[in-house]
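Worksheet for the structure shown next.
Computed from the coordinates by the stated procedures, all read-outs in this text should not be read as laboratory data. This is a predicted model, so every value here is computed, not measured. Methodologically, a virtual Cβ is constructed for each residue, glycine included, from the backbone with ideal geometry; neighbour enumeration extends over all protein chains shown.
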Amino acid sequence: VVRSYYETAEKEFESLTFRGLVVVNAETAALLFMGYPWKDGDPKMFLALTKKGLSALTIIEQKIPEDKVPGDPRLFYNSYSKKLVLAAVCVCGEKKENKYLCLIDPGTGKTEKMINYAFKDAFYEKANDIYGRKYFFYGKPINFLVDKNGDFSVIYQEEGYISTNSGASTYTYHSDIIVADFDKNGRLLNNYLEPRKIVLNPNSNFGDNYESYAYIKNNDKAFLFFNDKRENTERLENGKDPKQVIVVKDCDAFYFPLTGSNVMPPRKYLYKKTDEREEHIQFSFGNAFAYDKENDLFITLRLNRNEKERTKTVNIVWLKPE
């Protein structure tokens, strides 16, 4: 066990907020954190490197342009290109180019390349059709997957809070999921949009697994999974925004093959479309799934509900993505 520490000079910051940790190798780990000053001013972003056997952290400030202050950055490691990847969405007004990547040398902690980018025009055209307004993305990076050739995908999600009229309760909601594919040098290859809006139940931690999502990738195949209302399939096909989901009991599991240039691939039932309106099948996509990449098997829990018979059963299932 190695305990490392960092103390700012002259107590410059009121608070330091931890944003992520990645293990680079057996000798090195990298941490990302934000420093928020006591007085008015933009926060600063730091990368900390800790080496095996050393108690002090090596701190490298990541210079942020004034118009690129990140809202909620995340740090990942590309084990094939041997680079740290910092993904962020900046707080810079309603600009399409509000997202950026930093490719960082894990040995020195210095940014080698900063890529400022927007999603492709077809993406915004589709989003504008669905929501009937100028679409602006407020989400944040939440996950990262890498291919053997060093290309990688960043998964973004819109998140927010809803308060009751009295203000006594606040609920978290998750909406649109965006998957962006990049080559190993950070060039945007494809982007995909899957609209949704799910309000998380604060009294059901296990239930949140059914309100989450899963994303798997294996070379040229990639799939997104989540539970949603059946009627949202028709709404999206007709260019309408999805209805809000509060409980998953009236949802079914869908999957989305993410390949090619279609920015919003049509959804498909993961298991089957039942004839009975009272019967629904959901899958657990939170912490209760695994993907066996070598054998190309997706393993998760299947929840079977029949409201008419008032029955509920759970099975472990092995699925082969196609």
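Listing I60, I115 from fewest to most neighbouring C-beta atoms within 10 Å gives I115, I60. Fewest neighbouring Cβ atoms within 10 Å first, the residues S284, S81 line up as S81, S284. Label positions at I246 and N262, each projected 7 Å from the Cα along the C-beta direction, are separated by 3.3 nm.
The phi torsions of segment 15-28, fed into the Karplus equation with coefficients 6.51, -1.76 and 1.60 and a -60° offset, translate into couplings of 8, 10, 10, 6, 10, x, 9, 10, 8, 7, 7, 5, 9, 9 Hz, rounded to whole numbers, with Gly and Pro shown as x. Charge dipole (Cα centre; +1 on Lys/Arg Cβ, -1 on Asp/Glu Cβ; no other charges) of the chain amounts to roughly 320 debye.
Could you sort out which of K126/K197; K126/K243; K240/K293; K134/K221 sit more than 24 Å apart by Cα distance in this structure? Let's see the in-between values first.
Numbers: K126/K197 17 Å; K126/K243 17 Å; K240/K293 36 Å; K134/K221 31 Å.
Table pairs above 24 Å Cα-Cα are K240/K293; K134/K221.
How many Å³ per residue does the convex hull of the Cα positions in segment 12-106 occupy? The partial results should precede the final answer.
Numbers: hull volume 9.0 nm³, N = 95.
Looking at segment 12-106, the number lands at 94 Å³ per residue.
Can you tell me the order of 237-250, 174-187, 100-113 when each peptide is scored by its average per-residue count of other Cβ atoms within 10 angstrom, highest first?
Numbers: 237-250: 15.7, 174-187: 19.1, 100-113: 17.2.
The most tightly packed comes first, giving 174-187, 100-113, 237-250.
Starting from 0.36 nm per residue, how many nanometres of slack lie between Y138 and Y269 once their C-alpha separation is accounted for? Write out the running numbers ahead of the final one.
Working: separation 131, 0.36 × 131 = 47.16 nm, distance 2.85 nm.
Stretched out fully, the Y138 to Y269 stretch lengthens by 44.3 nm.
Using the alpha carbons alone, the radius of gyration of the chain stands to its Kirkwood radius in an Rg to Rh ratio of 0.99.
Note on the chain: dipole from Cβ charges, positive end direction compared against N191, F254, L145; the farthest Cα belongs to L145.
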